[in-house]
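Here the structure is laid out as structure tokens; the discussion comes afterwards.
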Amino acid sequence: MAAAMPLALLVLLLLGRKGWCLAEPPRDSLREELVITPLPSGDVAATFQFRTRWDSELQREGVSHYRLFPKALGQLISKYSLRELHLSFTQGFWRTRYWGPPFLQAPSGAELWVWFQDTVTDVDKSWKELSNVLSGIFCASLNFIDSTNTDNETLEVNPPPTTTYQDVILGTRKIYAIYDLFDTAMINNSRNLNIQLKWKRPPENEAPPVPFLHAQRYVSGYGLQKGELSTLLYNTHPYRAFPVLLLDTVPWYLRLYVHTLTITSKGKENKPSYIHYQPAQDRLQPHLLEMLIQLPANSVTKVSIQFERALLKWTEYTPDPNHGFYVSPSVLSALVPSVVAAKPVDWEESPLFNSLFPVSDGSNYFVRLYTEPLLVNLPTPDFSMPYNVICLTCTVVAVCYGSFYNLLTRTFHIEEPRTGGLAKRLANLIRRARGVPPL
């Protein structure tokens with residue numbers, strides 16, 4: 001009886017005021033999605049999305065328990081007072097012109113976008129610490145993202161999540177599930193399910209239509225002194241023009257000639273409605289060029305600017321300098337007009353799957369595109385010359401030093417010539433007898 005009393009008290013403590021109430025529903029949820037898209041090249045693009053949503057204020061609430069949301073990211077958001085964080089790792093390049101817009105736009109390589117809360121006073125310090133922490137979490141070289149390859153754009157190009165839409169115009173589509181084709185009871189009772197579909201008529205349109213906005217970037221020129229950066233902006237809409245925000249980040253070792261900036265559309269000059277240029281500082285920050293350009297309907301707009309290659313210190317070259325130096329791609333942000341009526345995306349249900357269909361908030365949808373990264377060759381010294389010079393110098397020094405050392409350390413003695421011995425005398429006698437001069 002005495003042992004039962006503590007057990008009863010323990011049960012009453014556990015089933016207190018909160019124990020009798022209903023359990024609080026979890027505020028976090030996890031959704032997994034997979035979209036498989038065949039490409040005209042014969043490849044198949046598989047897009048996986050693992051979306052974790054947690055209705056919690058990490059900055060205000062003292063959160064110590066994590067169920068689905070990653071604890072490392074949660075503590076990171078709370079410590080550095082982050083409002084938004086976008087991190088992407090990409091290998092290769094998505095050809096928007098031939099494959100259509102991807103579900104998730106990202107440049108080649110690594111990209112980090114961060115918006116801090118207004119309470120952060122020293123943004124540069126928080127940025128440096130954040131990049132170092134992310135570098136350790138993802139085992140990547142994000143700690144090399146410093147002031148030399150970081151920008152602070154002046155225009156706000158991040159749309160709110162409720163109005164961010166991606167449009168992939170792929171024509172009319174029908175969605176079926178397995179349980180729509182067969183009875184659910186048959187599937188539940190069966191052990192193996194093998195379904196094969198064959199179409200006798202080939203598809204009419206295998207390739208997706210060309211998107212309304214796509215871009216291309218390249219470098220031109222000859223030699224290792226001067227060159228030109230060119231960006232082609234394509235507006236394939238048949239009758240509507242729309243503005244595009246172009247953001248260029250150019251390394252400091254490419255000296256931009258801003259007076260050579262030209263923008264042409266249909267053979268005529270196209271003056272940007274807004275332009276912001278921040279010059280680079282050697283070994284401190286890159287060039288920043290922002291422009292708001294109006295793209296005419298069914299046109300190609302060319303943006304070009306000339307540059308001069310700078311000479312680097314021999315310690316600033318990469319381990320493979322003859323391969324070249326990469327220039328980050330241009331970023332295009334625009335509200336592209338839509339010609340297909342559609343319903344808005346339901347972000348609560350399935351944001352990735354619904355992005356298959358043309359969606360819009362009115363008549364426009366937000367698009368962010370990235371061009372190709374460029375590979376620029378810089379004047380590179382002959383790194384084998386120091387080796388050749390060292391070998392030649394060591395050889396000359398060794399020969400000269402050996403000769404001088406031999407002369408300085410060897411002792412020379414003058415010896416008197418000795419008179420001949422018995423053998424020499426006998427030889428001279430024989431030579432005299434023959435009439436030959438003596439030795």
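The values are calculated or read from the model by the stated rules, or taken from the named source; none is laboratory data. Just so it is clear, the model here is predicted, and its values are computed rather than measured. Reconstructed Cβ throughout: ideal geometry from the backbone, glycine too, with neighbour counts over all protein chains shown.
So for the stretch 58-74 (the condition being closer than 28 Å to Ser333 by Cα and among the basic types (Lys, Arg)), does at least one residue qualify? Within the stretch 58-74 (the criterion being closer than 28 Å to Ser333 by Cα and among the basic types (Lys, Arg)), the answer is no, since none of the residues qualifies. Just one residue in the set Lys302, Lys266 is of a type in the set (D, E, K, R) and under 16 Å from Ala215 (Cβ atoms); that residue is Lys302. So, Asn194, is that one out of contact with any Lys or Arg (no Cβ under 8 Å at 6 or more places or on another chain), exposed (fewer than 14 other Cβ atoms within 10 Å of the Cβ) and at pLDDT 75 or above or not? No, not satisfied. Taking the criterion of being aliphatic (A, V, I, L, M) and not in a loop (DSSP other than H, G, I, E, B), the residues of the stretch 241-259 that qualify are Val244, Leu245, Leu246, Leu247, Val250, Leu254, Leu256, Val258. Identify, please: which residue in the stretch 219-250 is touching a residue at least 60 places away in the same chain (Cβ under 8 Å) and out of contact with any strand residue (DSSP E or B) (no Cβ under 7 Å at 6 or more places or on another chain) and is, among those, surrounded by the most Cβ atoms within 10 Å (Cβ to Cβ)? This residue is Thr236. Within the stretch 105-129, being among the aliphatic types (A, V, I, L, M) and surrounded by fewer than 14 Cβ atoms within 10 Å (Cβ to Cβ) holds for one residue alone: Val123.
What are the residues in the stretch 290-316 that are among the hydroxyl-bearing types (Ser, Thr, Tyr) and either in contact with a Pro (Cβ under 8 Å, 6 or more places away or on another chain) or within 17 Å of Thr236 (Cβ to Cβ) (or both), if any? Step through it out loud before you land on a result.
Within the stretch 290-316, the first condition is being among the hydroxyl-bearing types (Ser, Thr, Tyr), and the residues that meet it are 299, 301, 304, 315.
Passing the criteria: Ser299, Thr301.
Pairs meeting the criteria (first residue in the stretch 119-133 and in the same structural domain as Ile77 (by TED's automatic domain parsing), second residue β-branched (Val, Ile, Thr) and outside any helix (DSSP H, G or I), beta carbons under 7 Å, at least 6 apart or on different chains) are Ser126/Val120; Trp127/Val114; Leu130/Val114; Ser131/Ile145. Considered as a group, the residues in the stretch 54-109 that are small (Gly, Ala, Ser), modelled with pLDDT of 80 or more and not in a helix (DSSP H, G or I) include one that is nearest to the chain's Cα centre (by Cα), and that residue is Gly109. Of all residues in the stretch 289-343, exactly one satisfies the criterion of being on the phi > 0 side of the Ramachandran plot and at pLDDT 90 or above, namely Asn298.
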